[in-house]
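As structure tokens, the structure follows; a few thoughts come after it.
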Amino acid sequence: MFHRKIRKKPMAEINVVPYIDVMLVLLVVFMVTAPLLMQGVKVELPAAPSAPLSDQQEEPLIVSVDAKGLYYINIGKDQKSPRPLKDIKQAVAKVLRQKPTTTVLVWGDTSVDYGLVVGLMTALQGAGAQSVGLVTEPPVL
């Protein structure tokens with residue numbers, strides 16, 4: 001007996017199972033790493049050789065911490081006298097209610113405790129600041 005071979009037409013389908021496997025692995029990786037990125041105080045830290053701020057129409061709100069741990073703010077009549085953190089938080093909240101796009105910057109002395117700067121930034125975010133920038137000096141070449 002003679003058997004005839006039946007020719008099968010080539011299939012033009014793409015096997016997507018490996019792509020689905022890769023997508024699921026990526027999904028798991030992003031689900032695990034996303035919460036780790038959200039921890040801590042939300043701050044935009046400048047790089048050491050930082051670029052200057054873009055030209056802004058509004059003057060930024062500057063809160064300073066000196067070497068003794070005293071807080072200062074660049075609004076009001078007496079900008080050279082220290083203020084308690086509670087008063088600074090209230091003043092920042094008042095300014096941000098009137099102008100929510102105001103940039104908030106922190107000037108911290110190099111010898112001040114890191115905890116004071118983090119506490120200040122947390123208080124500023126609690127007052128309504130969307131982001132808090134840290135001001136640095138350009139590196140000396």
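The values are calculated or read from the model by the stated rules, or taken from the named source; none is laboratory data. This is a predicted model, so every value here is computed, not measured. Note: ideal-geometry Cβ built from the backbone for every residue, glycine included; neighbour counts use all protein chains shown.
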(request) Please work out if Val95 is at negative phi, at pLDDT 85 or above and touching a Leu at 6+ places or on another chain (Cβ under 7 Å). (result) yes
(request) Could you please find all residues in the range 16-69 being modelled with pLDDT of 80 or more and of a type outside the set (A, V, I, L, M)? (result) Pro18, Tyr19, Asp21, Phe30, Thr33, Ser64, Asp66, Lys68, Gly69
(message) Suppose we filter the range 107-117 for residues that are surrounded by fewer than 19 Cβ atoms within 10 Å (Cβ to Cβ), in contact (Cβ under 8 Å) with a residue 24 or more places away in the chain and either in contact with a Phe, Trp or Tyr (Cβ under 9 Å, 6 or more places away or on another chain) or not polar (S, T, N, Q) (or both); how many remain?
(response) 5
(message) Being more than 11 Å from Val65 (Cα to Cα), touching a residue at least 24 places away in the same chain (Cβ under 8 Å) and either small (Gly, Ala, Ser) or in a helix (DSSP H, G or I) (or both): is that true of Leu120 here?
(response) no
(request) Look at the range 1-22 and say how many of its residues are surrounded by 10 or more Cβ atoms within 10 Å (Cβ to Cβ) and aromatic (Phe, Trp, Tyr). (result) 1
(request) Filter the range 69-105 down to residues that are free of Cβ contacts under 8 Å to residues at least 24 places away in the same chain and either part of a loop (DSSP other than H, G, I, E, B) or farther than 24 Å from Gly115 by Cβ (or both), then give me how many there are. (result) 13
(message) Name the residue that is nearest to Lys89 (Cα to Cα), counting only residues in the range 123-135 that are surrounded by fewer than 16 Cβ atoms within 10 Å (Cβ to Cβ) and not small (Gly, Ala, Ser).
(response) Gln130
